[in-house]
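Below is one structure; the comments refer to it alone.
Where a number appears in this text, it was derived from the coordinates with a stated rule and is not lab data. Quantities reported herein were computed from a predicted structural model and do not represent experimental measurements. So basically every Cβ, Gly included, is an ideal-geometry build from the backbone, and we count neighbours across all protein chains shown.
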Amino acid sequence: MASRLGIVLTATVLFGGVIGGAVAPALALDPSAGDPAAGEKVFRKCQACHAVGADAKSKTGPALTGVIGRPAGKVEGFSYSPALTKEAEAGLVWTPDKIGEFLTNPKGFLPGTKMSFAGLRKDQERADLIAYLATFP
Ligand code: HEC
């Protein structure tokens, strides 16, 4: 009896591990999955166009303070592309998942966007960056 229970428990743990592995790509975009310090370095790729922080101003791109979880296209005074404006009106919200999809391939996710950035193809870079952005609510 005791050994049977052991087998059941082992099977449950293994099965749980498999499930955990299967959902890992989605979880990689969870702010808690990334390292904000590493994300600060990744953000150097964005700094030519974006600022983040308490007194951040828009540059070529809109200020990114509080962007995680915010509806798209909401920085006052910034002139968004028609493409982004349309998605914003359709209800796009910058959840970690959506921002992750956008950053993987900006022009693929949002055809017509005026954000000229090739994309971040590495899952870990995106997770770290999102964790960094999440430190500026
Ligand atoms: C060459 C300039 C440039 C670079 C580099 C760049 N962006 Fe952008 N970004 C823009 C512009 C311009 C927009 C506005 C896009 C539009 O209106 O279609 C934008 C929009 C965004 C938005 C939507 C904001 C909102 O208010 O809806 C996010 C999020 C964003 N960028 C994140 C990033 C991140 C993170 C990086 C670095 C990995 C990055 N961008 C790199 C220029 C840039």
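Arrange the peptides 73-79, 106-112 so that the one whose residues have, on average, the most other Cβ atoms within 10 Å appears first.
Details: 73-79: 12.7, 106-112: 14.3.
Descending packing order for the listed peptides: 106-112, 73-79.
What are the residues whose amide H is under 5 Å from the amide H of GLY69, where those residues sit 5 or more places off or on another chain and H is modelled from the backbone?
Result for GLY69 returns TRP94, THR95.
For the residue pair ALA54 and LYS41, what label-to-label distance in nm results when each label sits 7 Å from Cα along the Cα-to-beta-carbon direction?
2.8 nm
Could you tell me which of the pairs LYS41/LYS86; LYS86/LYS122; LYS45/LYS122 are separated by over 21 angstrom between their Cα atoms in the structure shown?
On the way: LYS41/LYS86 31 Å; LYS86/LYS122 28 Å; LYS45/LYS122 13 Å.
The pairs that break the limit, which is 21 Å between Cα atoms, are LYS41/LYS86; LYS86/LYS122.
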